[in-house]
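Remarks on the structure that follows.
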Amino acid sequence: MSIQNALVFLSEIESNVELRKSCYSCKTRGELLEMLDKQGRGFTYEECEDATNSLLLKCQTYEQADRVRELHVWFLLFRD
């Protein structure tokens, strides 16, 4: 598991339609994380938090930061 996987996930989730569809098939955050782990994209909840914070530090505009926060909130909408 790695923060790098979480960073890649957060950047790919916007543009990768197939990844998004497979994520929407999951009912819980645990199911989502398990599915991503089986795909070799595994990361923990804490690593996603760290990846989000890392991306926020790199944002140069409020719009970029808002988009990162939106992606993080989307991830949080999956129940435990």
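General remarks:
- Boolean, Ala6 is assigned to a helix (DSSP H, G or I) and touching a Cys at 6+ places or on another chain (Cβ under 7 Å): yes
- In the range 30-54, residue farthest from Leu71 (Cα to Cα) [restricted to those that are small (Gly, Ala, Ser) and surrounded by 14 or more Cβ atoms within 10 Å (Cβ to Cβ)]: Gly42
- Residue-level analysis places Asp80 among those that are among the acidic types (Asp, Glu), modelled with pLDDT under 95 and exposed (fewer than 14 other Cβ atoms within 10 Å of the Cβ).
- Taking the criterion of being in a helix (DSSP H, G or I) and closer than 13 Å to Leu71 by Cβ, the residues of the range 9-29 that qualify are Phe9, Leu10, Ser11, Glu12, Leu19, Arg20, Cys23.
- Single residue of Leu32, Leu57 found to be assigned to a helix (DSSP H, G or I) and free of Cβ contacts under 8 Å to residues at least 24 places away in the same chain: Leu57
The values are calculated or read from the model by the stated rules, or taken from the named source; none is laboratory data. Owing to the predicted nature of the structure, the values given are computational and were not obtained by experimental measurement. Cβ coordinates were reconstructed from backbone atoms using ideal geometry, including for glycine residues, and neighbour counts include every protein chain displayed.
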